[in-house]
Amino acid sequence: MTNAPQQNHISVQQQDFDLAAEYQALTANNQSDGAVVHFVGLVRDNNLGRQVQALELEHYPAMTSKALSELVDEARQRWDLGRVRLIHRVGKLGLGEQIVFVGVTSKHRGSAFAACEFLMDQLKTRAPFWKKEHTQQGEHWIEARESDRVKAGDW
């Protein structure tokens, strides 16, 4: 039996990711974790009553890398996790395109679900990404919603 050591994979990238490949990376040669939870966020066609045509994400690489590593470390301090994979895309993304992937493994489902939700909640408010929506009315910079801040603060 092969035990999966704790592993982190954090990537900020322009290229799309393959969901099946990410799931495989979480589970390959991992017989010690019984739970796999993942989340994928997509560009949707409306936000706050505006028809969205595209979403553009910018970041400062050194700041982003540090912040994402800190979030993963914090999740590991809270829950017993095996593998953690976090991918966030940048650049201009069209409707329906994948923006973010968060995947975690753990011995038990409770830890996996909680850690995945925690990471997504924290990404929405603490990760230094600047988001610009392209709409029929023009371009608009967007910030985290108050509801996102409240949800992140619940942790």
Seminar exercise, completed: Dipole check, segment 98-146, charges on Cβ (K,R +1; D,E -1), about Cα centroid: among Leu119, His140, Trp130 the Cα furthest to the positive pole belongs to Leu119
For this session: First measure r as the distance between the Cβ atoms of Met63 and His108, then evaluate 1/(1 + (r/R0)^6) with R0 = 25 Å and state the FRET efficiency to the nearest 0.05.
Result: 0.15
Exercise. With contacts defined as alpha carbon pairs under 8 Å and 6 or more residues apart, what's the relative contact order of the chain in percent?
Worked result: 32 percent
Exercise. Relative contact order for segment 84-127: what is it in percent, counting Cα pairs under 8 Å that are at least 6 residues apart?
Worked result: 31 percent
For this session: Report the FRET efficiency, 1/(1 + (r/R0)^6), for Glu70 and Ala20, where r is their Cβ-Cβ distance and R0 is 35 Å, rounded to 0.05.
Result: 0.75
For this session: Note down the net charge around Val40, summing +1 for each Lys or Arg and -1 for each Asp or Glu among other residues with Cβ under 14 Å from its Cβ.
Result: -2
Exercise. Over the chain, what percent of the accessible surface lies on carbon and sulfur atoms, probe 1.4 Å?
Worked result: 47 percent
Exercise. Assigning unit charges at the beta carbon (Lys, Arg +1; Asp, Glu -1) and nothing else, what dipole magnitude in debye, to the nearest 20, does the chain show about its Cα centre?
Worked result: 180 debye
For this session: List the aspartates and glutamates whose Cα lies under 20 Å from the Cα of Lys92, skipping any in the same chain that are fewer than 8 positions away.
Result: Asp16, Asp18, Asp45, Glu56, Glu58, Glu133, Glu139, Glu143
Exercise. Say R0 is 25 Å: what FRET efficiency, to the nearest 0.05, do Ile10 and Gln31 get from their beta-carbon distance?
Worked result: 0.55
Seminar exercise, completed: So, for the Cα atoms of segment 1-129, Rg and Dmax in Å stand at 15.1, 53
Problem set entry | Mean residue ellipticity (222 nm) of the chain, computed from DSSP H runs ≥ 4 via -39,500 (n - 2.57), nearest 500 | -11000 deg cm²/dmol
Problem set entry | Loop-located trypsin sites (Lys or Arg not before Pro) in segment 53-109, at most 16 other Cβ atoms within 10 Å (DSSP) | Lys107
Exercise. What does the accessible area per residue of segment 16-99 come to in Å², with a 1.4 Å probe and no ligands, DNA or RNA counted?
Worked result: 51 Å²
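Going highest first, how would you order 43-51, 129-137 by mean Cβ packing within 10 Å?
129-137, 43-51
The values are calculated or read from the model by the stated rules, or taken from the named source; none is laboratory data. Model, not experiment: these values are computed from the prediction. Virtual Cβ from ideal backbone geometry, glycine too; neighbours counted across all protein chains shown. What goes into the accessible areas is simple: the full protein's heavy atoms, side chains included, and nothing from ligands, DNA or RNA. Shrake-Rupley method; radii C 1.70, N 1.55, O 1.52, S 1.80 Å.
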